[in-house]
1. Please work out if ILE24 is within 18 Å of ALA11 (Cα to Cα), surrounded by 10 or more Cβ atoms within 10 Å (Cβ to Cβ) and at pLDDT 95 or above.
2. Is segment 58-66 home to any residue that is more than 23 Å from MET1 (Cα to Cα), of a type outside the set (Phe, Trp, Tyr) and in contact with a helix residue (DSSP H, G or I) (Cβ under 9 Å, 6 or more places away or on another chain)?
3. Cβ-Cβ below 7 Å, separation at least six or inter-chain, first residue in segment 43-63 and surrounded by 10 or more Cβ atoms within 10 Å (Cβ to Cβ), second charged (D, E, K, R): which pairs?
4. Taking segment 1-30, which residues are touching a residue at least 12 places away in the same chain (Cβ under 8 Å) and part of a loop (DSSP other than H, G, I, E, B)?
5. Which numbered condition in (1) more than 17 Å from the chain's Cα centre (by Cα); (2) of a type in the set (S, T, N, Q); (3) in a helix (DSSP H, G or I) is the only one that SER63 fails?
6. If you check ARG37, ARG21, which single one turns out to be out of contact with any Gly (no Cβ under 9 Å at 6 or more places or on another chain) and over 18 Å from GLU62 (Cβ atoms)?
Amino acid sequence: MGARGYEPQTAERMETLWGVRHVIVHSAGIATPDFVRRHADYGAQVGASIVIRLAQVQEWIESIYNFVDVTDSYFAQRYASALH
């Protein structure tokens, strides 16, 4: 839609977060072959429980904040005149 200013790592971190969420919800936290293939850098083993480090949670929070902040600012500026 034209929003600019996302931090370079935001998309990659959010993609990993979404993959982790999928494994937790649909596989009870057990790494699937698809998860391991898509997120090889995560270091999970097929059939093993995934491990979530506190540092990862902090990175995800920062990335989500960046995404929401940039996106909200973009839409607020783009549609400001429609709100008045």
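The values are calculated or read from the model by the stated rules, or taken from the named source; none is laboratory data. Because the structure is predicted, anything quoted here is derived from the model rather than measured. Using ideal geometry, Cβ is built from the backbone for each residue, glycine included, and neighbour counts are taken over all protein chains shown.
1. no
2. Looking through segment 58-66, at least one residue is more than 23 Å from MET1 (Cα to Cα), of a type outside the set (Phe, Trp, Tyr) and in contact with a helix residue (DSSP H, G or I) (Cβ under 9 Å, 6 or more places away or on another chain).
3. Once the first residue is surrounded by 10 or more Cβ atoms within 10 Å (Cβ to Cβ) and sits in segment 43-63, its partners that are charged (D, E, K, R) give GLU59/ARG13; TRP60/ARG13; SER63/ARG13.
4. Listed by number, the residues that qualify are MET1, GLY2, ALA3, ARG4, GLY5, TYR6, GLU7, GLN9, GLY29.
5. (1)
6. Numbers: ARG21 fails: over 18 Å from GLU62 (Cβ atoms).
Residue meeting the stated conditions: ARG37.
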